[in-house]
Amino acid sequence: MTVETSLHNTPLADVHLSLGAKMVGFGGWNMPLQYESILAEWEHNRKTASLFDCSHMGEFMVKGDPLACGLDRIVTQPIVDMPVNTCRYGAMLNEEGGVIDDLIVYRRGPQDWMIVVNAANIEKDARHIQAHLNSKAHFEDASFKTAKLDLQGPQSREVLKALVPGIEKLSYYTFDQFEINGASCLVSRTGYTGELGYEIYCPWEKCKEIWQNILDNATVKPTGLGVRDVLRVEMCYSLYGHELDESISPLEAGLDKFIDDKKDFIGAKAMAARPGGCGIGYFESRSRKSPRAGNKIFDAAGKEIGVVTSGTFSPALQVGIGIGFVGRPNKDVGVEVFFGDEKNKAAASITKRPFYKNGSLKS
């Protein structure tokens, strides 16, 4: 297999190939799908520590007072009250109240910010943010000079503190600057797997060296995007393009707690005025049959009531699990639904989030 030249490559593209990874296009990037079986990678992450290349993600650097420069109005969450060295998950909306992207805001200093966005949305997000910042802000797109490595799993703290003394002091959704292999790196205690984990933002040119130093620990294995999707569905985390897009409001997507309803952010009035039709729901198959994005959802009488946005087989539960939009009367826990099409339907039950409840996320 060769590196795909029509896609963007992370600093580790050749390394992934040398390790035997199966490569796929994702969000405009050439990315590792898996190195071994999805089940093996799932088990390793849930029990030990896995290393993901997430250098495809976008990073924007903004300098300015959040109120005076317009940054605060762009994000659904309050950021003015964020302490330095904390980060906060939220979204930015269009004027119709739909989600342009979900993101994490990092406060590096009183007027120093980093915004992390999804890979496929880097260009449109940059345009949106720059259009709503004023002359009091300084904006830089650092996406192609900032690499990102995610070390995730219950043993990730023990692995990383051997390389980065002091990392054990970080609490959930905080970060700091650390020196790794002679480079200043931002390390946050965040992740997308439901396990204890850290995200390392490092200079593009130092990525290979840091990747290898982490992998030198025999506890750690490289892991692909395939199992990352299984892990995030087990946790009921949203994925842009599935549970989120510009036609879906964050309220419909179940992101209520990441919205400040007292704040005047872009799209707030339109979002609040939307009729409350469908909302996000979570369901567990009665068998090993797994739902797939695009499957229809039916009620017990056979009436179509929604659509699956994400689905997979859960190694934790040993059944299929799914996320989808359904009519609100059908979202009650225990309600029987079916997924598939008119000819082939599989039984499932509405359940609470998350599917996986034994993670080390906040340990």
Divide by every residue of the chain the summed helix terms, -39500 (n - 2.57) for each DSSP H run of at least 4, and state the resulting mean residue ellipticity at 222 nm, rounded to the nearest 500 deg cm²/dmol. -4500 deg cm²/dmol
Mind checking which lysines have their C-alpha under 28 Å from residue 262, skipping anything on the same chain fewer than 8 residues away? 63, 124, 136, 331, 352
Given Cβ point charges of +1 (Lys, Arg) and -1 (Asp, Glu) and nothing else, what value in debye, to the nearest 20, does the dipole of the chain about its Cα centre take? 820
Once both labels are modelled 7 Å past Cα along the beta-carbon direction, what's the residue 172-residue 127 spacing in nm? 3.7
Among the trypsin sites (Lys or Arg not before Pro) in region 259-298, which ones are in a DSSP loop with at most 12 other Cβ atoms within 10 Å of the Cβ? Mind listing them? 262, 288
Using the alpha-carbon centroid of each, what span in Å lies between region 192-220 and region 313-363? 32
Determine which aspartates and glutamates satisfy two conditions relative to residue 343: a Cα distance under 18 Å, and not lying fewer than 8 residues away in the same chain. 299, 304
Honestly region 58-141 on the Cα gyration tensor test (a ≥ b ≥ c root eigenvalues; a/c under 1.5 rounded, otherwise a/b vs b/c for prolate or oblate) is just rounded
Below 11 angstrom from the Cβ of residue 38, what's the summed charge of the other residues (Lys, Arg +1; Asp, Glu -1)? -2
Any lysines with Cα under 30 Å of the residue 221 Cα? List them, leaving off those in the same chain fewer than 8 positions away. 22, 47, 145, 148, 161, 169, 206, 208, 289, 357, 362
List the relative contact order of region 198-321 as a percent without decimals, with contacts defined as Cα pairs under 8 Å and 6+ residues apart. 21
Per 0.36 nm of contour for each residue apart, how much would the distance between residue 342 and residue 218 grow if the chain were fully extended, relative to their Cα-Cα spacing? 39.7 nm
Signed unit charges on C-beta, dipole axis of the chain, positive-most listed residue 7, 192, 71: 192
About its Cα centre, region 279-350 carries a charge dipole, from +1 on Lys and Arg Cβ atoms and -1 on Asp and Glu Cβ atoms, whose size in debye to the nearest 20 is 160
Listed residue (154, 113, 271) projecting farthest to the positive dipole end of the chain, Cβ model: 154
How large is the dipole of region 193-239 about the Cα centre if only Lys and Arg carry +1 and Asp and Glu carry -1, each at its Cβ, rounded to the nearest 20 debye? 80
Unpartnered Cys in the chain, judged by a 4.7 Å Cβ-Cβ cut-off, are 54, 69, 87, 207, 236, 278
Residues of the chain: accessible area per residue at 1.4 Å, in Å²? 42
For region 225-363, rounded, prolate or oblate, judged on the Cα gyration tensor with a ≥ b ≥ c (square roots of eigenvalues), a/c < 1.5 rounded, else prolate if a/b > b/c? oblate
Span from the region 1-52 Cα centroid across to the region 113-167 one, whole angstrom: 20
Yeah, the chain with a ≥ b ≥ c from its alpha-carbon gyration tensor (a/c under 1.5 is rounded, else prolate when a/b outruns b/c, oblate otherwise) is oblate
Coordinate range along principal axes, alpha carbons of region 279-350, Å, largest first: 29, 26, 18
DSSP loop chymotrypsin sites (Phe, Trp or Tyr not before Pro) in region 88-146 with at most 15 other Cβ atoms within 10 Å of their Cβ, which ones? 144
Sort 200, 305 by accessible area with a 1.4 Å probe, largest first. 305, 200
Separation of the residue 67 and residue 349 label points, Cα + 7 Å toward Cβ, nm: 5.1
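The values are calculated or read from the model by the stated rules, or taken from the named source; none is laboratory data. Predicted model, so just to flag it, every value in this text is computed and none were measured. Here the Cβ is made from the backbone with ideal geometry for all residues, glycine too, and neighbour counts use every protein chain on show. In case anyone asks, the SASA skips ligands and DNA or RNA and just uses the protein heavy atoms, side chains included. Shrake-Rupley method; radii C 1.70, N 1.55, O 1.52, S 1.80 Å.
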